[in-house]
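Read the figures in this text as sums done on the coordinates, not as results from a lab. The model shown is predicted, which means the values in this text are computed figures rather than measured ones. A quick note on method: Cβ atoms are made from the backbone with ideal geometry, for glycine too, and the neighbour counts reach across all protein chains shown.
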Amino acid sequence: MNFQGLEKIENYKFYIDLAFRKATEKSSQIRGTKLKGTRLDKSRKLEIVKLDTVKEVLYGRLQKLIKGFPDLESLPEFYKELVKATVDYPALKKSLGSLKWAQNKVNEMHRNYASKIKKCRDLARINGYRTEYYGRVSSILKQIKDELNCIEQARRTMREYPSIKTGMKTVAIAGFPNVGKTTLLFRLTGSKPDIQPYAFTTKGINVGYIMKDGKKEFQVLDTPGTLNRFDKMNTIEKVAFLAIKLLAEKIIYVFDLTEPYPLEEQVRLYKNILQTKKQVLVYLSKTDILEKDVVEEFSEEYKNVTLEELKKLIS
Ligand SMILES: Nc1nc2c(ncn2[C@@H]2O[C@H](COP(=O)(O)OP(=O)(O)O)[C@@H](O)[C@H]2O)c(=O)[nH]1
Ligand SMILES: [Mg+2]
């Protein structure tokens, strides 16, 4: 799943200006051709062309926004929860609904004013109706000003979501910063981790794959974060938390006895991870620079597995 291609939502004025500009262009083109009928007929025809164009442009643009945005209800659970955790979900739903409302309103206005103009026998009134229609349509778009902004805000957050395959067997690597998670991901998956090229890069969710018969069999996620209170987490930590909770079937917990973070805190996080009730495999990093007896003592208590054992256990 990938939200990076979501189209930018413009300010309401952009859509109005675009619609009116297109309407003027279209009527100028027609004015240049030979129009049949009386002055009244011609004027009516030109104004109707403007009405039609404004409606088509606005309806079309709104339709593009509606169709272009993922249907929140049918998102995989992981992404749905992510949306709920990182954007104002009820406001977003309401805002997306308001696009449909605006579309219907624009149509309704078009019907009313097209019918008025068609019946009108007075040149001055025809222009008046067109002006009125423009005013009404502007007001409709203005009424969804905040909603358009809300959707654009959500889009900006959502396009930074990492691309994670929600249907693939997933192993999450958890642990404190700098304990060696990314290094382990690299050692497990053999390939250079696919570091997401967006805002997460600095504290990225890295994704690697374990291949079987030339196909991606497992997805291994490097899930940074210390699982403090959910509402205190930044977006990347929320991604990590939800990936552990909703996607991972196995979790590798990395301990680092060189203690970039105190062991006590690493144990606290480990105990939190155990509460997920998923299979948790303990890995001790940086054994190359640890004293042998320190490693042995740790192994007795935590039953950690080596890299080679890990490779077997997760394939
Ligand atoms: N000596 C040694 N250093 C390691 C090992 N694994 C990671 N490191 C180093 O520890 C630091 C943090 O590693 P990294 O994988 O980025 O940790 P992360 O923040 O948990 O992803 C880096 O400087 C790594 O080179 C290891 O097995 N041995
Ligand atoms: Mg890392």
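Annotation: extensible slack from LYS245 through LEU75 equals 59.5 nm (criterion: 0.36 nm per residue apart, minus Cα-Cα distance). DSSP beta bridges fully contained in the chain are about 35 percent antiparallel. Once the chain from GLU56 to LEU307 is taken as fully extended at 0.36 nm per residue, the excess over their C-alpha distance is 84.3 nm. The slack in the chain from THR166 to LYS45, taken as 0.36 nm per residue of separation less the alpha-carbon distance, amounts to 38.2 nm.
Does anyone have the angle between helix 292-302 and the longest principal axis of the chain? Alpha-carbon axes, 0 to 90°, nearest 10? Tilt relative to the chain: about 60 degrees.
Of the residues VAL207, VAL54, VAL294, the one that moves most in a GNM of the chain with alpha-carbon contacts below 10 Å is VAL294. Each Cα pair under 8 Å and six or more residues apart adds its separation to the average, and for region 63-209 the resulting relative contact order is 21 percent. Placing unit charges on the Cβ atoms only, positive for Lys and Arg and negative for Asp and Glu, gives the chain a dipole magnitude near 3520 debye about its Cα centre. Divide the volume of the convex hull around the Cα atoms of region 11-96 by the residue count and you get 110 Å³ per residue. Here the label points at ASP231 and LYS292, each 7 Å from Cα along the C-beta direction, are separated by 5.3 nm in the simple model.
Rounded to the nearest 10 degrees, the inclination of helix 145-158 to the longest alpha-carbon principal axis of the chain is 30 degrees.
For LYS232, the aspartates and glutamates whose Cα comes closer than 18 Å to its Cα, not counting residues fewer than 8 places off in the same chain, are GLU81, ASP88, GLU265. Orientation-averaged projection of the chain equals 21.1 nm² [convex hull of Cα atoms, one quarter of hull surface area].
The charge dipole of region 81-128, taken about its Cα centre with unit charges on the Cβ of Lys, Arg, Asp and Glu (plus for the first two, minus for the last two), comes to roughly 400 debye. Relative to the longest principal axis of the Cα atoms of the chain, helix 77-86 runs at roughly 80 degrees. For the pair GLN279 and GLN153, label points projected 7 Å from Cα toward Cβ lie 4.4 nm apart. Loop-located trypsin sites (Lys or Arg not before Pro) in region 230-315 (DSSP state not H, G, I, E or B) with no more than 13 neighbouring Cβ atoms inside 10 Å: LYS277, LYS303. Spin-label pair LYS100-ASP122: with each label point 7 Å from Cα along the Cα-Cβ axis, the two points sit 4.0 nm from one another. Farthest towards the positive end of the charge dipole of the chain, among the residues ILE66, TYR161, PHE14, is the Cα of PHE14, using unit charges on the Cβ of Lys, Arg, Asp and Glu.
Dividing the Cα radius of gyration of region 169-313 by its Kirkwood radius returns 0.95 for Rg/Rh.
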